[in-house]
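The values are calculated or read from the model by the stated rules, or taken from the named source; none is laboratory data. Fair warning: this is a prediction, and the values are worked out from it, not measured in the lab. Neighbour counts are summed over all protein chains in view; Cβ atoms, including those assigned to glycine, are modelled from backbone coordinates with ideal geometry.
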Amino acid sequence: MKKILTTIVLILVGLILVTVIVIGVYLGQIVKKVVNTYGPQVTQTTVSVDTVTLSLLTGSASLKDLMVGNPPGYKSPNAMTVGKIAVGVDPMSVFANKVVVRSIRLESPEINFEGGLSGNNLSKILDNINSSGGKSGPVSTNAATAPASQKKLEVDDLLITGAKADVLITSPVQREVNVTLPDIHLTDLGKGGDGITGADLAQQVLSAITSATLETVAKQALNLDQNAATLKQAGQGAKQQLNNTLNNLLQK
């Protein structure tokens with residue numbers, strides 16, 4: 001009898017593990033569909049992710065080959081590509097109205113910055129996200145039990161590390177430069193209350209990337225061609241315009 005009970009318990013545990021794994025795969029497919037379907041609606045550009053894996057057993061997720069396209073009229077087809085995004089989640093929260101994300105780590109994203117300080121591809125995408133009003137579409141694990149209007153996020157820790165930017169400045173002086181951005185660290189996004197939407201999260205991340213890119217580009221631009229008086233004057237003017245731009249970004 002004892003042997004039979006042990007066998008039944010082992011079978012039940014095995015079924016539970018298989019169920020959890022299957023649910024994780026199913027949720028990963030849902031997340032991929034959400035990114036590929038509703039990402040373009042929010043950014044008004046192409047957005048795609050190749051692979052999404054989610055393990056409820058470990059509370060970990062991984063997104064591979066995320067690409068965000070440029071708005072029409074820009075030289076490069078993509079504004080940003082990320083080879084890997086590692087995510088840590090509270091496993092049980094994926095079934096709640098507020099998904100608790102413990103950590104997000106973007107590894108070595110490649111950014112294409114094109115334009116001037118008063119207008120560029122990144123700020124254009126940011127404007128598109130803001131104009132979407134946070135309507136990022138449903139991120140529900142079950143449309144019948146968690147409507148889009150209820151599903152929110154809490155992100156405790158978000159780190160962007162090793163980011164590199166290919167920069168094409170078109171004004172006030174046209175030049176191309178490659179820069180490495182400092183680490184970008186955001187914490188306590190959507191903590192407390194109902195949380196934030198996926199569009200809110202995208203807006204805050206892109207705003208931080210845009211600000212970091214502008215600051216890094218400005219610092220490098222002011223160090224180039226210091227012996228050329230005209231370029232030096234242009235650099236000083238760009239610095240003032242940068243300050244105004246950054247102030248506007250920070251107020252959003």
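The figures follow:
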read-out	value
Residue in the range 109-120 that is part of a helix (DSSP H, G or I), surrounded by fewer than 21 Cβ atoms within 10 Å (Cβ to Cβ) and touching a residue at least 24 places away in the same chain (Cβ under 8 Å) present	no
Failed item, numbered, when Met92 is tested on (1) in contact with a strand residue (DSSP E or B) (Cβ under 6 Å, 6 or more places away or on another chain); (2) modelled with pLDDT under 90	(1)
One residue from Val179, Val217, Val155 being at pLDDT 55 or above, more than 18 Å from the chain's Cα centre (by Cα) and not in a helix (DSSP H, G or I)	Val179
Qualifying residue in the range 88-101 (condition: of a type in the set (Phe, Trp, Tyr) and under 16 Å from Thr210 (Cβ atoms))	no
Flag if Ala208 is within 20 Å of the chain's Cα centre (by Cα), under 14 Å from Leu106 (Cβ atoms), small (Gly, Ala, Ser) and modelled with pLDDT under 90	no
Residue satisfying condition, being surrounded by fewer than 16 Cβ atoms within 10 Å (Cβ to Cβ) and modelled with pLDDT under 55, within set Leu5, Leu27	Leu5
Verdict on Ala144 being of a type in the set (A, V, I, L, M), farther than 22 Å from Val82 by Cα, at pLDDT below 90 and loosely packed, with under 14 Cβ neighbours inside 10 Å	yes
Residue list for the range 85-106, filter: of a type outside the set (Gly, Ala, Ser), surrounded by fewer than 16 Cβ atoms within 10 Å (Cβ to Cβ) and closer than 18 Å to Ala202 by Cβ	Arg105
Residue under evaluation Asp166, criteria (1) outside any strand (DSSP E or B); (2) at pLDDT 90 or above, criterion not met	(1)
